[in-house]
Every structure is written in structure tokens, then in C-alpha cells.
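A.B. asks: One structure follows; several queries about it will come next.
The values are calculated or read from the model by the stated rules, or taken from the named source; none is laboratory data. Just so it is clear, the structure is predicted and the values come from calculations on it, not from any experiment. FYI the Cβ positions are ideal-geometry reconstructions off the backbone, even for glycines, and counts take in every protein chain you see.
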Amino acid sequence: QVPLVESGGGLVQPGGSLRLSCAASRITFSINTMGWYRQAPGKQRELVASITSGDSTNYADSVKGRFTISRDNAKKSVYLQMNSLKPEDTAVYYCNVDVWDPYVSSSYSYWGQGTQVTVSS
């Protein structure tokens with residue numbers, strides 16, 4: 001079973017909007033920081049945005065003012081609202097969730113399977 005289920009990617013014209021969703025309902029441990037990363041062809045995976053359990057947010061400079069990350073703790077979900085999309089936003093977007101495992105007293109991350117976002121006219 002896949003611990004993270006992503007949805008919301010697709011093809012959009014420049015200036016358009018998309019909303020990505022990531023559900024972590026199968027995760028039973030305490031969820032800490034949730035985030036979105038992206039990887040464009042030939043480039044390294046980079047952080048797009050993250051949000052802590054206390055709702056503190058962090059954004060890559062390239063998306064500030066255009067993207068908004070949010071979370072719903074009751075649904076164990078994280079969202080990425082992407083507005084004013086540009087061709088350079090084209091990438092595979094990955095959800096990332098940090099959890100605390102009390103049985104091993106350690107934290108680790110889960111990754112989503114990735115969802116393609118293509119911005120093109």
C-alpha cells in the first residue's frame with residue numbers, strides 16, 4: 001500500500017492555476033513537516049514549499065507570491081495551490097511527509113509517487 005497518494009497534476013497554460021493534493025491517511029505515526037518538492041528533466045530535486053506541524057511555511061524564492069502550501073491535520077493531507085504558473089514550473093512534483101516513529105525513537109520521510117505538472121501554451 002502506498003502511504004502517500006497525490007493528485008491534481010496536469011497540463012495548464014502559462015498564467016493558469018493548479019492545486020495539488022497529497023493524502024497521508026495510511027500513516028499512523030505523528031506527522032511533522034509536510035512539503036512539496038519538484039524535479040525537472042536534467043535537474044536536481046528541489047524544495048518548493050514546506051509547512052510544519054505549527055503551520056510555519058517556507059517557500060522557494062522562485063514560487064513566493066504565486067504558490068501557497070496548506071495542510072489539514074484531520075485529513076492528514078497537504079495541498080499546494082499554484083497560481084500564475086510559468087513554463088519553468090514544469091516538473092514532476094513530489095509530496096514529502098516527515099513522521100516520528102516512537103518505536104525506534106527516530107524520524108523519517110515518506111515520498112509520494114510524483115505527479116506531472118506541465119505549463120505550456
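A.B. asks: Filter segment 70-103 for residues that are at pLDDT 95 or above and among the hydroxyl-bearing types (Ser, Thr, Tyr); which is farthest from VAL12 (Cα to Cα)?
C.D. replies: Result: SER77.
A.B. asks: Could you pull out the residue among ASN83, ASN58, ASN96 that is of a type outside the set (A, V, I, L, M) and closer than 13 Å to CYS22 by Cβ?
C.D. replies: ASN96
A.B. asks: Could you list, in sequence order, all residues of segment 18-56 that are more than 14 Å from VAL92 (Cα to Cα) and surrounded by fewer than 12 Cβ atoms within 10 Å (Cβ to Cβ)?
C.D. replies: SER25, THR28, GLY54, ASP55, SER56
A.B. asks: Only residues in segment 100-121 that are loosely packed, with under 13 Cβ neighbours inside 10 Å count as the first member; pair them with residues that are among the hydrophobic types (A, V, I, L, M, F, W, C) and not in a strand (DSSP E or B), Cβ under 7 angstrom, at least 6 apart or cross-chain, and list the lot.
C.D. replies: As it stands, the answer is ASP101/PHE29; GLN113/VAL2, since those pairs meet every condition given.
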